[in-house]
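The values are calculated or read from the model by the stated rules, or taken from the named source; none is laboratory data. Keep in mind that this is a model prediction, so the values were computed, not measured. FYI the Cβ positions are ideal-geometry reconstructions off the backbone, even for glycines, and counts take in every protein chain you see. What goes into the accessible areas is simple: the full protein's heavy atoms, side chains included, and nothing from ligands, DNA or RNA. Shrake-Rupley method; radii C 1.70, N 1.55, O 1.52, S 1.80 Å.
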Amino acid sequence: MTHSGWSKSAAAWLDNMSPGGDFTRKYLPDGPILDRILALENSAALDLRCDEGRFCRMMAPRVQRIVGLDQTKALLQHATSLGQAEYVLGRAEEAALAEVAQFRVDAF
């Protein structure tokens, strides 16, 4: 699987995100996105390009099934170690339509 430099920079990203995360993600998009998720009342969520699974874990109390998809193995290993979702290695553009069709798609 070829992709950008995420494999090389995964360790630095994880260091920057742990434990409190990134200020700009925490204080800018998180509130409106979580509000939107609560309004959807869905039982399943798909997080494309889930990075270290942070948002998957934030959705866990609100959503029955969460799948996080990312192309960077090190980030998914970290996400998997923290649990609360199903994590899949892959690229959004290559996800099988049948697999994605079970989710309502809202882009943020």
*Please work out which residue is nearest to residue 15 (Cα to Cα), limiting yourself to the range 58-74 and to residues that are crowded, with 19+ Cβ neighbours inside 10 Å and among the polar types (S, T, N, Q).*
72
_Among the candidates 84, 77, residue that is open to solvent by 20 Å² or more (accessible area, probe 1.4 Å), at pLDDT 90 or above, within 23 Å of residue 16 (Cβ to Cβ) and part of a helix (DSSP H, G or I)_ = 77
*Of the residues that sit in the range 3-57 and are closer than 21 Å to residue 78 by Cβ, open to solvent by 70 Å² or more (accessible area, probe 1.4 Å) and assigned to a loop (DSSP other than H, G, I, E, B), which one is modelled with the highest pLDDT?*
49
